[in-house]
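Working notes, beginning with the structure itself.
The numbers here are math on the coordinates, done by the rules we state, and not lab data. Values in this document were obtained by computation on a predicted structure and should not be read as measured data. Cβ placement follows ideal geometry from the backbone for every residue including glycine, while neighbour counts extend to all protein chains displayed.
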Amino acid sequence: MTEATTTPKGKKAAAAAFEAPKFEMPKFEMPKFEMPKFDLPKFEMPAAFRDIAEKSVSQAKENYEKMKAAAEEATDLLEDTYATASKGAADYGVKVIELTRTNTNAAFDYMTELLAVKSISEVVEVSTAHARKQFETLTEQSKELAALAQKVATETTEPVKEGMSKAFQKVA
């Protein structure tokens with residue numbers, strides 16, 4: 001087996017043989033054209049057409065202004081409604097936290113009473129009294145939450161209903 005040795009001269013010749021020829025794109029210039037000038041014929045539009053066009057434009061402007069005013073009014077109304085709904089949801093959340101606190105305190109009071117009992121009959125008596133009291137409390141709390149939810153829903157939807165009907169009456 002013989003090893004082929006390459007000399008630096010041999011490498012240059014081999015690289016030159018595989019080298020792609022250099023090619024440059026010819027430079028072209030865009031032709032310069034001038035646009036022909038056409039004289040438009042001058043003619044008079046009939047007065048009836050002009051009147052109709054002017055009325056249509058003024059009517060379109062009036063309708064646009066009405067629609068723009070109605071859209072702005074509806075946007076303001078929706079922003080107010082969102083603020084009312086947010087406040088109502090916050091009030092509802094605060095009420096739920098308040099009721100939870102009341103129920104938690106009642107549960108701790110019940111456990112404290114249970115720790116102080118001496119007999120099973122007292123356990124039954126304390127448990128029955130606590131269950132009765134909690135049932136009454138839960139009934140009252142449910143009514144409060146339902147009333148608050150209804151109030152929030154009414155305060156939120158009523159202005160939307162009235163505002164939208166007013167906005168659409170203005171447009172019509």
Under a straight-distance cross-link criterion of Cα-Cα below 19 Å, which aspartates and glutamates are reachable from Lys133, leaving out those fewer than 8 residues away in the same chain? Glu98, Asp109, Glu113, Glu122, Glu125, Glu144
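Between their Cα atoms, which of Lys87/Lys151; Lys68/Lys166; Lys61/Lys161 are more than 18 Å away from each other?
Working: Lys87/Lys151 12 Å; Lys68/Lys166 14 Å; Lys61/Lys161 28 Å.
With Cα atoms farther than 18 Å apart: Lys61/Lys161.
When every alpha-carbon pair in the range 56-161 is counted, what percent end up more than 19 Å apart?
Numbers: 3632 of 5565 pairs.
Percentage above 19 Å: 65.
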Positive end of the dipole of the range 61-172, charges at C-beta (+1 Lys, Arg; -1 Asp, Glu), about the Cα centre: which of Tyr82, Leu114, Val124 has its Cα farthest in that direction? Tyr82
Provide the gained length on full extension for the span Ala74 to Val57, in nm with one decimal, where the gain is 0.36 nm per separating residue minus the Cα-Cα distance. 3.6 nm
